[in-house]
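Only one structure is covered here, and it is reproduced in the block below.
The values are calculated or read from the model by the stated rules, or taken from the named source; none is laboratory data. In this text, all values refer to a predicted model and were calculated from it rather than measured experimentally. Because the Cβ atoms are built from the backbone with ideal geometry, glycine has one as well, and the counts that use them run over all protein chains shown.
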C-alpha cells in the first residue's frame, strides 16, 4: 500500500438478497477504490459482508466512496459500519500452521463450543474460520485455526481437545489443514463391528453352539492381549463340522453399520477407491464387495470340505501386519500417496493399518486403538466420516440428487 492510501474496513450486515455484493463492489469500482480483501458469510439468511478498500489518504473518514457505500446500504436496508485501519502490515503466518478442528455430535451446544474455543485461546490458537457442516441441526462444525509452530503446544492442545470431547459428549478431530485433508483418494475399512454391526465369527459360534468359548478368545484378541493369528486359529478350530449352508445364513447378508450405505455411496460418487481389509471371513467380505461395488476386499478364507468347515484357515491370514501391508500395497497400486489414504477400524487388529494411513479413524473402538488413531468417532454412524473429510451435509445431499 502506498503512503497516499488509507485502508478502510467496511462491514455490512442484514437480510441477505441477490445483488448486494454486486451493488457495493460496483460502487467501489466506480469510485476508484482499490479492493484489498473481501469475505462474506450467510447464517440463517443473515448476511455479513466485510471488505477492505484502499482510498486516498487525505480523505479517510470523509471519503466520498465511504459516503456512497453508507447511502447504498441504507437504501438496501442494511447496516454498514467502517473503520480506518492503521498502517501496520497484517500479522505474518510464517510462525503458524493451520489446523482443522471438526466437532461432531448429536448436538453441538453452547457449552461445548465455549469449552472448545476457550481451549484454543489458552493454547494461542487463533480462529480463522468457522463453518457449519451439518444441514438441519447444529451437529457438526469445522473450525480452522492458526496454531504456533511448537510441537509440545500442538500435542498439549490435542490432548485437551480429546478430554473436552469426553466431557461434552461430542467427537473432536484435530487435523493439519492441508489440501490433502480434503482430497483423500483411498478409504479402507475393517468389516466386523465397523462396516457391519456384528462379529461374524461370534455369530457363527452362536449358531454352532460354541459361543462362550469363542467369545472369550475374541475379547482377549480385540484388547490386544494375544496375537491375532493365534486367536483366529483357536476360534476357527471350534467351528469344525459346521455346515456351509449355516455359515451362509450368517455371513451371506450381514447387518450393516448405521451410515454405511450413505458413506459408501458418497465415496463412490466422489471417485474414491474403497476396500475392505478384514480379519473376518471372505463369505461376508465378498458379499459386501458385490453389493456396494467396492474396489477391493481382503479377508480370511475358511477351508471347506464336503460342505462343512474343517476348522482351518487358509494362508495367508489377514492379521495386523498384513492389514497394514495391504493398505500400503493398494496405495502403491493406485498411485496414491499414503497421506491421501483413510483407514477405519475398531480393534487391536486394525492398529498398524490405522497408524499407516494418512488419516486413521477409530470407530466405536477399544481404548488402545483410540489412543493410536488420529481421531475417534465414539457415536453415530459411519457417514459422519464425511465430516472429517471436510464435506458438508448439503454437498453430500446434492451428490445423491444428481
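Some observations on this one:
- Subset of segment 255-266 (residues that are in contact (Cβ under 8 Å) with a residue 40 or more places away in the chain and either in a strand (DSSP E or B) or surrounded by fewer than 22 Cβ atoms within 10 Å (Cβ to Cβ) (or both)): 255, 256, 258, 259, 260, 262, 265, 266
- Check on residue 8, surrounded by 12 or more Cβ atoms within 10 Å (Cβ to Cβ), closer than 30 Å to residue 132 by Cα and at pLDDT below 95: yes
- Any hit, segment 226-246, residues being within 22 Å of residue 288 (Cα to Cα) and free of Cβ contacts under 8 Å to residues at least 60 places away in the same chain: yes
- Options 252, 280: the member that is crowded, with 22+ Cβ neighbours inside 10 Å and in contact with a helix residue (DSSP H, G or I) (Cβ under 6 Å, 6 or more places away or on another chain): 280
- Condition met for residue 188 (crowded, with 20+ Cβ neighbours inside 10 Å, at pLDDT 95 or above and more than 21 Å from residue 353 (Cβ to Cβ)): no
- The listed residues are 16, 37, and the only one of them that is assigned by TED's automatic domain parsing to the domain that holds residue 70, more than 21 Å from residue 77 (Cα to Cα) and under 35 Å from the mean Cα position of the chain (by Cα) turns out to be 37.
- Here the condition is being out of contact with any helix residue (DSSP H, G or I) (no Cβ under 7 Å at 6 or more places or on another chain), buried (at least 23 other Cβ atoms within 10 Å of the Cβ), touching a residue at least 24 places away in the same chain (Cβ under 8 Å) and under 20 Å from residue 267 (Cα atoms); of 388, 377, it holds for 388 alone.
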